[in-house]
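All remarks here apply to the structure that follows.
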Amino acid sequence: MSDIPLVLQVGALLPTLADSLRTEFHAERLPDEPVERAAWLAGNAGRVAVAVTTYNTGVGPDLMAALPNLRAVLIFGVGYDSTDTAQARERGITIATTPGVLTDAVADLAVGLLIDTLRGVSRADRFVRAGRWAAGETFPLTREVSGSTVGILGLGRIGRAIADRLAGFGCAIAYHSRTAVDGVPYPYAATPVELAAASDVLVVVVPGGPATEKLVDDDVLAALGPEGYLVNVARGSVVDQEALVRRLASGELAGAGLDVFADEPHVPAELLALDTVVLQPHVASATEQTRQAMADLLLENLRTFLATGTVLTPVP
Ligand code: DGY
């Protein structure tokens, strides 16, 4: 066994990032298969100084507890809800994400999803492909995006980028965050219910985790109402998915654009059957350019951490 601090890859990564970790840092990959994983940990756990993982895999409580000399968790992505931040704080383990570089890609996708959901772009595509236009059917009228009122739930970096894009469409923007944000031109709603009641579309962009679990509950969906639309590019855990499915299926909500789900990659059958819903496989940041920029920032964090013990983009 070597005494050199080990960089450990936890879960699948972008292939170019995994290659750089292997060639530049001699990283090893933790086996996914439970028996192999246990055997690897029995022989190597004490060597691991840095874990590199993704927003969806993370380093959960058991794995973190099994790594006694872990000093940093570097996450590919901005979400850290799958990593045990409480244990990390207690043990002085640094956590870093890749903020900033994915803001535009996520905001673009959120706006695209909103337009698709209101204007029925995917639905109209299915209509044409099914030969229904050629057969003489008329596609139903849809909901105008320009001039609609959009509520942004979570006016962080990404929420702000979504708001600024939609302001360019002449949308009236309002928002709710834990606290009002200084220096923004958009009105603040005191609660998610108040925001939903004033919105045609509610866009969910708050971080996942216990503090936001089911923040969009049945009351918020009721306030959005039968003419209202929900767009979620945050985490499935933020929305009461059962209530959402029920309201969409009964027409008590007009439609939804969803990039995230409660139990990914599983999507409830009821949603698959609904034409008023646009579904995405959690791809808001998934462009070539953004994923490479995320990998570059993560590698910069790793180099900096190994040289100085600090990172460029720590989770506070
Ligand atoms: C993240 O980085 O947490 C996002 O969910 C990626 O789309």
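The values are calculated or read from the model by the stated rules, or taken from the named source; none is laboratory data. All figures in this text were calculated on a predicted structure; none of them were measured in a lab. Cβ coordinates were reconstructed from backbone atoms using ideal geometry, including for glycine residues, and neighbour counts include every protein chain displayed. Note: areas computed on protein heavy atoms with side chains; ligands, DNA, RNA excluded. Shrake-Rupley method; radii C 1.70, N 1.55, O 1.52, S 1.80 Å.
Yes or no: region 131-154 includes at least one residue that is among the charged types (D, E, K, R) and not in a loop (DSSP other than H, G, I, E, B). Looking for residues that are among the charged types (D, E, K, R) and not in a loop (DSSP other than H, G, I, E, B), one finds none in region 131-154, hence no.
Condition check for residue 123 on (1) within 23 Å of the chain's Cα centre (by Cα); (2) open to solvent by less than 60 Å² (accessible area, probe 1.4 Å); (3) touching a residue at least 60 places away in the same chain (Cβ under 8 Å): one failure, at (1).
Yes/no matrix, rows are residues, columns are (1) part of a strand (DSSP E or B); (2) on the phi > 0 side of the Ramachandran plot:
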position	(1), (2)
22	no, no
36	no, no
41	no, no
45	no, no
52	yes, no
58	no, yes
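Helices (runs of 4 or more DSSP H) fully within region 211-312 that include at least 2 residues being within 14 Å of the ligand (Cβ to nearest atom): 288-308.
Every listed requirement among (1) open to solvent by less than 60 Å² (accessible area, probe 1.4 Å); (2) more than 17 Å from residue 315 (Cα to Cα); (3) not in a helix (DSSP H, G or I) is met by residue 32 save one, (1). In region 105-118, the condition of being modelled with pLDDT of 95 or more, more than 15 Å from the ligand (Cβ to nearest atom) and not assigned by TED's automatic domain parsing to the domain that holds residue 213 is met by no residue. If the condition is being in contact (Cβ under 8 Å) with a residue 40 or more places away in the chain and either open to solvent by less than 30 Å² (accessible area, probe 1.4 Å) or under 24 Å from residue 144 (Cα atoms) (or both), then region 259-275 contributes 259, 275. Of all residues in region 85-104, those being of a type in the set (A, V, I, L, M, F, W, C), within 12 Å of the ligand (Cβ to nearest atom) and either in a helix (DSSP H, G or I) or open to solvent by less than 30 Å² (accessible area, probe 1.4 Å) (or both) number 1. The set of residues in region 25-84 being within 14 Å of the ligand (Cβ to nearest atom) and in contact with a Lys or Arg (Cβ under 9 Å, 6 or more places away or on another chain) consists of 76, 78, 79, 81.
Note on region 126-156: among residues that are of a type in the set (Phe, Trp, Tyr) and open to solvent by less than 60 Å² (accessible area, probe 1.4 Å), the one that is nearest to the chain's Cα centre (by Cα) is 127.
With the checklist (1) open to solvent by 20 Å² or more (accessible area, probe 1.4 Å); (2) hydrophobic (A, V, I, L, M, F, W, C); (3) touching an Asp or Glu at 6+ places or on another chain (Cβ under 8 Å) in hand, flag the one item residue 180 doesn't pass. If we test residue 180 against (1) open to solvent by 20 Å² or more (accessible area, probe 1.4 Å); (2) hydrophobic (A, V, I, L, M, F, W, C); (3) touching an Asp or Glu at 6+ places or on another chain (Cβ under 8 Å), just (3) comes out false.
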